[in-house]
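The values are calculated or read from the model by the stated rules, or taken from the named source; none is laboratory data. Because the structure is predicted, anything quoted here is derived from the model rather than measured. So basically every Cβ, Gly included, is an ideal-geometry build from the backbone, and we count neighbours across all protein chains shown.
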Amino acid sequence: MMFEHDNPILELTDDQSWKLLKNTSHGRIVLTAAGETDIFPINYMVHDAVLLMRSAPGTKLAEITINENVVFETDGITSEEAWSVVVKGTARVLQSGEEIAEAESLGLKTWIPTMKDFYIEVKPERISGRHFILGDQPERF
């Protein structure tokens, strides 16, 4: 078991949530622009208390330039337990040569063999995490 607790749901501390974020490399980013909400699977890494992602030109980059407020979620599941971490924060596309060079040096690989020349940084404002012990619903009576 990842966490010891008797209750089927455990609210995680920020430190526990960050540990899970650092040890996972995939999640989903939610973006909203012009009244439309989109969700994209994306791989990422944690560096200096921000999430770093790569992207090709397209909807993600366009939506971030319209609305910087994003939600990111990552999770894990086994046969006995599950967890979820949600990050609410602001996103921006890295612009300066220095920032891009630093991001390049971190070795964030893309999942699929396409050109992803843009780096997105998500700065967390709120983090919440939960850990679940899986099992059948208790008897009602």
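Here are the numbers for this structure:
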quantity: Elements of type strands (runs of 3 or more DSSP E) contained in region 31-133, each with 1 or more residues being touching a Phe, Trp or Tyr at 6+ places or on another chain (Cβ under 7 Å), within 30 Å of M2 (Cβ to Cβ) and of a type in the set (D, E, K, R); calculated: 50-55, 69-77, 81-93, 118-133
quantity: So T74, is it within 19 Å of the chain's Cα centre (by Cα), surrounded by 16 or more Cβ atoms within 10 Å (Cβ to Cβ) and on the phi < 0 side of the Ramachandran plot; calculated: yes
quantity: Some residue of region 24-32 being surrounded by 17 or more Cβ atoms within 10 Å (Cβ to Cβ), in contact (Cβ under 8 Å) with a residue 40 or more places away in the chain, over 25 Å from Q95 (Cβ atoms) and not basic (K, R); calculated: yes
quantity: Odd one out for K109 among (1) surrounded by 12 or more Cβ atoms within 10 Å (Cβ to Cβ); (2) among the charged types (D, E, K, R); (3) modelled with pLDDT under 90; calculated: (1)
quantity: Output for region 13-30, where each listed residue is within 12 Å of V85 (Cβ to Cβ) and in a loop (DSSP other than H, G, I, E, B); calculated: T13, N23, T24
quantity: Residue satisfying condition, being surrounded by 15 or more Cβ atoms within 10 Å (Cβ to Cβ), in contact (Cβ under 8 Å) with a residue 12 or more places away in the chain, within 30 Å of P138 (Cα to Cα) and within 18 Å of the chain's Cα centre (by Cα), within set W83, W18; calculated: W83
quantity: Flag if L94 is modelled with pLDDT under 90, of a type in the set (A, V, I, L, M, F, W, C) and either buried (at least 16 other Cβ atoms within 10 Å of the Cβ) or touching a helix residue (DSSP H, G or I) at 6+ places or on another chain (Cβ under 9 Å) (or both); calculated: no
quantity: Test: residue in region 125-141 that is crowded, with 16+ Cβ neighbours inside 10 Å, aromatic (F, W, Y) and out of contact with any helix residue (DSSP H, G or I) (no Cβ under 6 Å at 6 or more places or on another chain); calculated: yes
